Amino acid sequence: MRSPTRIPSPQSPHPHSGSPGVHYRNPYEELAELADPYDPDDPLGLGLTSDDDDDADLGGRRDKPTASGSGDDGPGWSPPNHRRSSRRRRGRFRAVPRTAKALIGLVVLALLLVLGDRCAVMYAERKAEQELQKKLNLATAPNVTIHGFPFLTQVLGKDLQQVDIAVPDVAADRVSLAEVRAQVQDIRIVGDLPSSFRGATVGRMKGDVLLSFEDLSRELGASQVRFRALGPSSVRADGKLPVAGQQVSLHAQAHIGRQGDRGISTSVTDMRLDIPGIATYRPGPEPRPGLYLHKKAAKQISEDSEKARALLSIPSVAEKLGVSPVEAGQALNDEQKLDEITDSPRFVPALLAVNLVQAANEHPQLARKLGIDPTVAAALARMKVPELTNKLELSFQLPEKAKGIRLANIGVSPEGIRADLAGTGLNFGKTR
């Protein structure tokens, strides 16, 4: 490798030497003279110039007509200046009127106020639901909806316009009310919502109550009995009932009425218990209480010689059939005489009118021959009307805590028994 060769400087390396006539120049000043002067459009010093400078450097060549001989004297084409357009955009935003900005701010503020008001409503509704559940000892929390806007002004004035309340499963005597809906208006609050609520005074209230058939079937202890609407004020009950270890069919009607201003009463009529395919028992005091054969069963007995003889062998039964003791005795030994009696058009209607309760109890063998279990017949005879109607009792009273509320317009719908609620000047909790 060659050793570096020093290039002699034309000037003295000692600027402060005492040699006269020798002037020393700073090398950095020479570099500064070689650099381009400062351009405000190129602050980074990268040699970037604006489009106008490029056009100037072209010396107006863009304005010259093209070879095609175009004679357009207008300004030549120049590329867009992106830097200037971005500055314009920022300028447009700054140029938005102050009134528009103020309007946008007011809209945002209004939205925040509405959101805060709705949040306060939801919080108050939740607290009211908890308070109602506690005060009324409800198994399920009610659903409370507070109407009116703005809510906060109502709270400050302690006066709510309207509140809707829906309470499910309210206990009422032996049954539960499936749903109680109420619309209360002109509510005066006692205390401060929602932290120190003590009570309220309700100006007026209206609503309705539902006693569903599904709940009736489940809660009356007769799970095999089903209720359905029969008319505007009547209910039909059909199902099964265990009697002496055997299932008998139960059929009845219940007529709905109002009991005072706060209760619903029922009267059960047309009750019957069917031994399937054989007989029907009607408890008293029906027009025809007792145990009676079905028409089909009576027709079969008239065609069965053995069963017909069993009936005629009992004098009390033969007498009810309109057969004299002499004719009954002849029929027991004479087939022709028996056919004469059973083929008579009066035999089947007469047999349908015979109450078999006493005969079945006194002659168990006869009951068995006719297809009736004597123990079932005896159990049916022992049943009293209050015992049976109690299984179908649909009556109820409003809870004592619902003082001041009255029932009206009681009726039957496909879902169950409905009644309207009404009340004025109601007090809830502490009103002083």
Please list, ordered by chain and number, the residues whose modelled amide H lies under 5 Å from the amide H of R226; skip anything fewer than 5 residues away on the same chain. D238, G239
Once amide H atoms are placed 1.01 Å from N in the peptide plane, what residues at a sequence separation of 5 or more from E393, or on another chain, have their amide H within under 5 Å of its amide H? none
Based on Cα positions only, what radius of gyration and what Dmax would you give for the stretch 251-326, in angstroms? 18.9, 65
State whether the stretch 385-432 is rounded, prolate or oblate according to the following rule on the C-alpha gyration tensor (a ≥ b ≥ c being the square roots of its eigenvalues): a/c under 1.5 gives rounded; otherwise a/b larger than b/c gives prolate, and the remaining case gives oblate. oblate
For the stretch 152-160, in order, what is each residue's ³J(HN,Hα) by Karplus, 6.51 cos²θ - 1.76 cosθ + 1.60 with θ = phi - 60°, in whole Hz (x at glycine and Pro)? 4, 5, 5, 5, 5, x, 6, 9, 9
Got a sec to turn the phi values of the stretch 348-353 into Karplus ³J(HN,Hα) couplings, 6.51 cos²θ - 1.76 cosθ + 1.60 with θ = phi - 60°, whole Hz, x for Gly and Pro? 5, x, 5, 5, 5, 8
Using a cut-off of 15 Å between beta-carbons, work out the net charge of the residues near A377 (Lys and Arg +1, Asp and Glu -1, A377 not included). +2
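Viscosity 1.002 mPa s, temperature 20 °C: give me the Stokes-Einstein translational D for the stretch 284-382 in µm²/s, with Rh taken as the Kirkwood radius over C-alpha pairs.
Numbers: Rh = 13.7 Å.
D = 157 µm²/s.
Computed from the coordinates by the stated procedures, all read-outs in this text should not be read as laboratory data. For clarity, every value in this text was computed on a predicted model and none was experimentally measured. Here Cβ is always computed from backbone atoms with ideal geometry, including for glycine, and neighbour counts include all displayed protein chains.
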